[in-house]
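Note sheet for the following structure.
What follows draws every value from the coordinates through simple rules; no lab data is involved. The structure presented is a predicted model; accordingly, all values stated were derived computationally and were not measured. All Cβ positions, even for glycine, are placed from backbone atoms using ideal geometry, and neighbour counts span all protein chains on display.
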Amino acid sequence: MRTAPPVVGDTPAPTPAPPSEPTSSPTPVPPSGPLSWVRVALKDTASVGLAFVPIGLAFGALVTQSGIDWWWAPLSAALIYAGSFEFLLIGMVAAAVPLASIAVTAFMVNVRHVFYALSYPLHRVQGRLGKAYGTFALSDEAYALTSGEKARSWPGPRIIGLQLLLHLYWVGGATAGALLGSLIPEGVTGLDFALTALFTVLAVEAVLDLRGDLPTPLLALLSALIARLLFPGELLLAAFALFTLGLLARHLVTHRRPGRV
């Protein structure tokens, strides 16, 4: 049976309106298309790109001042893309060092990339070509930018766009330095410190992004000290190996504690 609405005097009481549904804020739409991801990567690499310019200028100027044709600078930057090893390579090429010695030096300098690959998010990159370029263009700066807490949700196109821009920064800086190397005065100092300053900033940002995880930087410092004392001739390789073993040991110990899943 239907009941009439209650009457107050001669006017029926108004029927209460149904509660309105809460409105949710619109979900941000991720960028679509290669150009959109490149624009996002421009913001990601802006600070590092500024540091790549003076380093590339210094490398290009070193090529021409060593008596090597200028086009070796962009060719090396595009095909080798090994940063610190490229600086060493210029001196070895100028001194006609045997190819076997160059190969051993390249291995010793770049073996750190083996450890980078353990946590680099290559699994987010789609396609064989993308994975191949992501492996080739894995630099110290790319690893530092993609290993932070904020980068754990970055998709593959953003990662590849970041690596591509870093690669272009290096090639452009090296080319400009080779073409303009003769115009740079020999008394200019400080260009070589740009690389040190860049790694210092990236290291500080990585430590701040750990959110209180002090054992990790302490473990890295301890690994470097032990390597310096026991293996001074292979400091970099020994420090990376000790640091990796320390991380694996910490992982095993923490996951064996009672109550952990």
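Here are the numbers for the structure shown:
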item: Förster radius 30 Å - calculated FRET efficiency between residue 225 and residue 119, Cβ distance, rounded to 0.05; result: 0.85
item: Relative packing of peptides 171-181, 41-51 - highest average C-beta neighbours within 10 Å first; result: 171-181, 41-51
item: Relative contact order computed over segment 34-186 (Cα-Cα under 8 Å; 6+ residues apart), in percent; result: 50 percent
item: Of 118, 136, 48, farthest towards positive along the dipole that unit charges on Lys, Arg, Asp, Glu beta carbons give segment 34-186; result: 118
